[in-house]
Amino acid sequence: MGINQVNTPHHKADELEQLLFGWNLPLWYSARVRRQSVLAVIALALGFAFATRASAQALHIILDDRPGPEKFQLIHVPDLLTLMSDPSSHVQIYDANFPDVRMQFGVIDGAHLLSSYDNFNVAKELPPDKSTKLIFYCYDKRCMASHFAARRAIDAGYKNVEVMSDGILGWYVAQQPIHRVSEAEAESTE
């Protein structure tokens, strides 16, 4: 043995690691790195598992198919067009998008802009009559902001709530009229 070599039971493991992986690290270091790597992988796996479960729980809450007046209906562009063309429907449309989406795509003409999809002031931003037909929309079918806003309205006692699931993107693709908004308008609320 040379002067700098230490006779440990794991000396052969060091030689094997160096041969296989080109590592020339002391055993205590490589064992610590392996242990930290394993712990990091376990932490990431647990984090992913909890995040997936939290997302699934949030989605379950949003899409909870509660019976009775708490349930909202999903509608599409043609359904909203029919409601808008009927003056007796008294439909109120609410945009639940972020300001940058409003600036990029505009808003449905006549839509009220919510201050936020999940924390808007129900008493201030929605009509006082709880039987008014409310339609919420956001970006597209994958966007859940309109679902959150609709659930908030239902929780506040509104009975006639729907979500236009196609969103502003579906409205745009269907070549329906869009009101372009400035940055100030996109960020303001009524």
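What follows is calculated from the coordinates using simple rules that are stated; it is not laboratory data. Everything numeric here is computed off the predicted structure, so don't read it as measured data. Cβ sites come from the backbone with ideal geometry, for glycine too, and all protein chains shown count toward neighbours.
What FRET efficiency, computed as 1/(1 + (r/R0)^6) with R0 = 45 Å and r the Cβ-Cβ distance, is obtained for ASN119 and LEU44, rounded to the nearest 0.05?
0.90
For SER165, list long-range residues whose amide hydrogen, built 1.01 Å from N in the peptide plane, is under 5 Å from its own amide hydrogen.
Long-range HN contacts for SER165: ILE75.
Using the Karplus curve 6.51 cos²θ - 1.76 cosθ + 1.60 with θ = phi - 60°, what ³J(HN,Hα) values do you get for each residue of the stretch 107-123, in whole Hz, with x for Gly and Pro?
9, 5, 4, x, 6, 8, 9, 6, 5, 7, 6, 10, 9, 6, 7, 4, 5
Given that compact globular proteins tend to follow 2.2 N^0.38 Å, what is the ratio of the alpha-carbon Rg of the stretch 70-190 to that value?
Relative to the rule-of-thumb radius for its length, the stretch 70-190 sits at 0.95.
Quickly work out the MET84-to-LYS130 label distance, labels modelled 7 Å from Cα along the C-beta direction, and quote it in nm with one decimal.
Inter-label distance under the simple model: 3.0 nm.
At 0.692 mPa s and 37 °C, plugging the Kirkwood radius over alpha-carbon pairs of the stretch 90-156 into Stokes-Einstein gives what diffusion coefficient in µm²/s?
The diffusion coefficient I find is 273 µm²/s.
Dipole of the stretch 76-149, Cα-centred, from +1 at each Lys and Arg C-beta and -1 at each Asp and Glu C-beta, to the nearest 20 debye?
120
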